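Let me begin by presenting the structure, written as structure tokens, before commenting on it.
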Amino acid sequence: MAGSEPLSFGLTIDEELCSRCSLCVYTCPFEALTLLKGELPEERKVEVDREKCKLCGLCYTICPLDAITVQYYSMEDLLEMARQLCLKTGERSLVVACKGSNPTDRSIEEKVGRRGIPVLRVPCAGRVPMDFYFRLLSEGVADRLHVFPCEEEFCRLKEGGKISFLKLDYLRSLLAELKVDGGIISLTKSVNKAKVNEAKCIGCGNCEHYCPYEAAMVRSPGIATIDEEKCMGCGICLAVCPNFAISLEGYEQETMAENLAKLAEAAKRAVRGGVKPVLVFYCQWAYTPKPPEGDGSGICFMELPCAGRLDPLHVIQALNLGFEGVLVLACKEDMCNFEEAGAKRAEINLSSVKRALSQLGLDGKVEISFVHPKYPREAEEALSSFLNKIKGER
Amino acid sequence: MIVVKPKPIDEILGFLSKHKNVLVVGCDGCTTPPRGLREAQTQVNLLKLAAKLKGISLNLKASTIAKTCDKHIVYSTLASQLEGIDAILSLACGIGVQVLNEVFPQLPTYPGNDTIFNGMQEKEGGIFEERCKACGSCILGETGGICPIARCSKSLLNGPCGGCFEGKCEVTFNGEKHDCAWYLIYQRLKELGRLEDFKKLRPLKDWSLLVGPRSSMGV
Amino acid sequence: MKGKFTPFSELMKKIAAGEFVYTGELEPHKTTDISETIEWARTLKATGKVTAANVTDNPSSTACISSLVAAYIIQRETGLETIYQLRTADRNRLALVSDVLGAGALGLKNILALTGDHTMLGDNPQSKPVFDLDGTQLIAMIKQMVYEGKDPAGNEIANPPKINVGAAAQPGADPLEMEILKMERKVEAGAEFFQTQVVFDVEVALKFLDEASHLNVPILIGIFPPKNYGQAEYFSKYVPGVTVPDQFLADLKKLSEISDKAERKRKINEYNVEYFSNFIREIKKKPVCKGCHIMAVGYPEVIGPIVERVEKGA
């Protein structure tokens, strides 16, 4: 959904549809909505405080009149994505998972009983409206839903976990009343946390030094441990571990290397088609890429749990594999979901790469853009201006 | 921590261009800034990119050693990895580069980094600062735990000199003014109620303890 | 080596006799021809009021002609006693011993022992900084040579030099306590006199003299009568540790706006004479203050008049 002006805020309230019922005002966990009073009827309207709003989507869920739209919760877009996923895999079961929870393949397999189930990632499973789940089932997109929201303590969007449990429980009881097997929706609390492979750990202490949550610790005789209670899965420790001894499912060194190799094929195709291939590393919170039209765009995307996971090694590998440009999309520092450390870490990591690349005249090929997740157009703008820059270079 | 900084790529390619198959070896010993396997792999990729751009053909492999300052460990780790290799690029400090040359004299080992100082790490941005010059006659017990040999630009024993202004040293490094070590010593000793230690007239230093090459034999 | 003291130089003899002394400043440059400096020395001597003049040693770490050589030539040519400034930034202890023995042989009678600015700040920033000794240790070394006839390792010196040794101090230091502790160290090492950095504010000088009085070592306060507003402003803005009173700056600014050059010069000279003679009269009241070190170079017109005004008004 495109905003009418560039950089438009990711949440809009249609004043004509809005009945001023104020349900959203009361429900907002961040107190970002207020009903403005006034003499004239035009003056009474619901206003959103852009500073406080976290775009969690709860108001969108609760609004009885569909007067609120939230950027990445376009119901139609999500349904379409789900539809495509199920069609591509031929599966009738669908996993809906929070971005943050990022369930491991193993945990999905444990729950669902087999592999290969398509996974639809939404920013927060708790914020997606119940309607969405209904429609997935009623429109025949899927026959079974496995929802993997984050554990309460792990939720980065405040109370999303709790809300999702309440909602889904309610949903199941509703289904039961309709005499539908409540088991078609399952709920599994999930987390994706970093783990240390002790055999590879050399006890250098980098993880402890850079962890924003004080979850990683190195003690004599020199093996790192990660406190499960504290780890928030940002992946910064992976980027600073000299021996690749830490893993975060989906984002380990091997997985990223494999994914890069696959993308390299796409890059080669683009070059054959006369297009300059570009790789975009994006923080999962900063940006949700739309699948590019056709195969010829040459833009490839690699998701990071947090921009701080960005490994300069991967940037250089990307250039070696034939990408003409590498763009990193990170959240603006004050919006960083990881105690502001992620954005800062990404900037520092990237500046060290750029310094090395500048000796080869290549520093212009690598850019980092800090975008505001609340202004979804910023990411689009950053991407298109980077593409233009790369295209324009001979 | 022995702190290093990367050598310019051109200089490294200058060493390596006479060779065909190079083993880039990291070091896990002092790993911040990281010099382990990750750094070796990053360096391999960077050199591949550079070689491609300059039309130099070079085969590069990455490896690492637990600590390069130990001849035995160096030998046992790398001896089996040198098949077909005609040069080694070491990311260790100057010590490691020399050890590799001694342990494998048949192969040239080149430095990938410049060794710059012994220091400690601040949390913000991982910046390192020099703390010890290995001068051989430590006076930290008298100066409240602050070393004037490493942290005073002039390594004075009876400072501060006239160049201390607002607690900062007159010398600028990379645009930054660092704290006057003697001002820090004055403040610390005052805090500890030991200003008589500050006032003490320290006699001439034995600088011959810094003359190399030093050895721990008979020490 | 506190306590041991024989006045060898004119400067120290006069101070010992209770006189209030004036010293000047000479700064020879990167040349083999120091006739300009010799001229200035002659001018200083001609005032009849200046007892001795300092000869700078690689000032601000710029490589200039050897101060040992310059101090000797000037003293020989003009008869004005020199204070040989010796900094430890550029010489190890062997070279320092050589130079002090050389000074003794050449008849130089005063040394101001300094640490010296860092070599990185000068015109040859890649030099290897020496600092084998610091200024304080140099004082002790010279005293040991003079009064015990020994070099730093205890080796005998044949015919020890007869030289008085002084040190520098900074009245505007903050915190002042740290500076006083440093001075105590220097006195412990054997400093026989102090010459200070430039002071414009008499209150700063008086407070400093009070805090330093217990040292019982003569102190010469440095002053710098500025030729124009620009010089005064430079000190105020760019020289660390030196404060210039607002009134002084304001007055000078007004005077510098006089359009007639001769009139302007006359007025500024008169202002300086008035201001600094008052200044000196005040500091003289402190017993530990035994003199005034006039740093202004190339401004002979005021030195004589200032001193005369002080003597008259006393």
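(1) part of a loop (DSSP other than H, G, I, E, B); (2) out of contact with any Gly (no Cβ under 7 Å at 6 or more places or on another chain); (3) within 14 Å of chain B (Cβ to nearest Cβ): which one isn't true of residue C:258, the others all being true?
So the condition that residue C:258 fails would be (3).
Please state which of the following conditions residue B:122 fails to meet, knowing it meets all the rest: (1) within 14 Å of another protein chain (Cβ to nearest Cβ); (2) crowded, with 16+ Cβ neighbours inside 10 Å; (3) of a type outside the set (Lys, Arg).
Residue B:122 satisfies every listed condition except (2).
Answer with yes or no whether residue A:241 is buried (at least 20 other Cβ atoms within 10 Å of the Cβ) and either aliphatic (A, V, I, L, M) or farther than 16 Å from residue A:349 by Cα (or both). Give the steps one after another, and end with the answer.
Working: buried (at least 20 other Cβ atoms within 10 Å of the Cβ): yes; either aliphatic (A, V, I, L, M) or farther than 16 Å from residue A:349 by Cα (or both): no.
Considered against the rule, which asks whether it is buried (at least 20 other Cβ atoms within 10 Å of the Cβ) and either aliphatic (A, V, I, L, M) or farther than 16 Å from residue A:349 by Cα (or both), residue A:241 comes out as no.
Identify the single condition in (1) at pLDDT below 95; (2) away from chain A (no Cβ under 13 Å); (3) surrounded by fewer than 23 Cβ atoms within 10 Å (Cβ to Cβ) that residue B:32 does not satisfy, given that it satisfies every other one.
Unmet condition: (2).
Identify all residues within region B:24-79 that are touching a strand residue (DSSP E or B) at 6+ places or on another chain (Cβ under 9 Å) and of a type in the set (Lys, Arg); write none if there are none.
B:35, B:38, B:48, B:61, B:67
Can you list residue pairs whose Cβ atoms sit under 6 Å apart, with the first residue in region C:146-163 being away from every other protein chain (no Cβ under 13 Å) and in contact (Cβ under 8 Å) with a residue 40 or more places away in the chain and the second being surrounded by fewer than 16 Cβ atoms within 10 Å (Cβ to Cβ) and of a type outside the set (Lys, Arg)? Count only pairs 6 or more apart in sequence or on different chains.
That search, which allows pairs on different chains as well, returns C:157/C:149; C:160/C:149.
Residues are listed down the side, and each one gets a yes or a no for (1) in contact (Cβ under 8 Å) with a residue 60 or more places away in the chain; (2) of a type outside the set (A, V, I, L, M, F, W, C); (3) surrounded by fewer than 23 Cβ atoms within 10 Å (Cβ to Cβ):
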position	(1), (2), (3)
A:310	yes, no, no
A:313	no, no, no
A:319	no, no, no
A:326	no, no, no
A:329	no, no, no
A:333	no, yes, yes
A:341	yes, no, yes
A:345	yes, yes, no
A:360	no, no, yes
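Restricted to region B:108-119, and to residues that are at pLDDT 95 or above and outside any loop (DSSP other than H, G, I, E, B), which residue is farthest from the other protein chains (Cβ to nearest Cβ)?
Filtering first and then ranking leaves B:109.
What are the residue pairs meeting all of these: first residue in region A:15-31, first residue within 17 Å of residue A:42 (Cβ to Cβ), second residue of a type in the set (D, E, K, R), Cβ atoms under 9 Å, and 6 or more apart or on different chains?
Between residues of region A:15-31 that are within 17 Å of residue A:42 (Cβ to Cβ) and residues that are of a type in the set (D, E, K, R), the close pairs are A:15/A:42; A:15/A:45; A:17/A:66; A:18/A:45; A:20/A:44; A:20/A:45.
Which pairs do you get when a residue that is closer than 22 Å to residue B:169 by Cβ, found in region C:225-240, comes within reach of a residue that is at pLDDT 90 or above and surrounded by 15 or more Cβ atoms within 10 Å (Cβ to Cβ), reach meaning Cβ atoms under 6 angstrom, with the pair 6+ apart or on two chains?
If the second residue must be at pLDDT 90 or above and surrounded by 15 or more Cβ atoms within 10 Å (Cβ to Cβ), the pairs left are C:235/C:242; C:235/C:244; C:240/B:165.
Collect the residues in region B:36-65 that are within 7 Å of chain A (Cβ to nearest Cβ) and outside any helix (DSSP H, G or I), keeping them in residue-number order.
B:36
Condition test on residue A:39, is it of a type in the set (D, E, K, R) and without any contact (Cβ under 8 Å) to a residue 12 or more places away in the chain?
Yes, satisfied.
Being under 14 Å from the mean Cα position of the chain (by Cα) and either of a type in the set (A, V, I, L, M) or in a loop (DSSP other than H, G, I, E, B) (or both): is that true of residue A:55 here?
So residue A:55 passes the test.
Among the strands (runs of 3 or more DSSP E) confined wholly to region B:128-219, which include 2 or more residues that are modelled with pLDDT under 95, surrounded by fewer than 15 Cβ atoms within 10 Å (Cβ to Cβ) and within 12 Å of another protein chain (Cβ to nearest Cβ)?
B:168-173
Hey, could you check region C:88-131 for residues that are in a strand (DSSP E or B) and within 13 Å of another protein chain (Cβ to nearest Cβ) and say which is surrounded by the fewest Cβ atoms within 10 Å (Cβ to Cβ)?
C:114
Residue by residue through region B:71-100, note down the ones that are buried (at least 17 other Cβ atoms within 10 Å of the Cβ) and of a type outside the set (A, V, I, L, M).
Scanning region B:71-100 gives B:77, B:90, B:93, B:96.
Out of region C:74-93, which residues are within 18 Å of residue C:62 (Cα to Cα) and of a type in the set (Gly, Ala, Ser)?
Listed by number, the list holds a single entry, C:89.
This table checks each residue for (1) closer than 19 Å to residue A:372 by Cβ; (2) outside the structural domain of residue A:336 (by TED's automatic domain parsing); (3) aromatic (Phe, Trp, Tyr).
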{"site": "A:30", "(1), (2), (3)": "yes, yes, yes"}
{"site": "A:37", "(1), (2), (3)": "no, yes, no"}
{"site": "A:41", "(1), (2), (3)": "no, yes, no"}
{"site": "A:48", "(1), (2), (3)": "yes, yes, no"}
{"site": "A:53", "(1), (2), (3)": "yes, yes, no"}
{"site": "A:63", "(1), (2), (3)": "no, yes, no"}
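Might you let me know whether region A:373-383 holds any residue that is closer than 20 Å to residue B:42 by Cβ, in a helix (DSSP H, G or I) and touching a Leu at 6+ places or on another chain (Cβ under 6 Å)?
Taking region A:373-383 as the starting set, the residues that turn out to be closer than 20 Å to residue B:42 by Cβ are none.
For region A:373-383, residues closer than 20 Å to residue B:42 by Cβ, in a helix (DSSP H, G or I) and touching a Leu at 6+ places or on another chain (Cβ under 6 Å): absent.
Looking only at region C:50-87, which residues are crowded, with 19+ Cβ neighbours inside 10 Å, part of a helix (DSSP H, G or I) and on the phi > 0 side of the Ramachandran plot?
Across region C:50-87, the qualifying residue is only C:61.
The values are calculated or read from the model by the stated rules, or taken from the named source; none is laboratory data. Computed from a prediction, not measured in an experiment: that's the story for all the values here. As a convention, Cβ positions derive from the backbone with ideal geometry for all residues, glycine included, and neighbour counts pool all protein chains shown.
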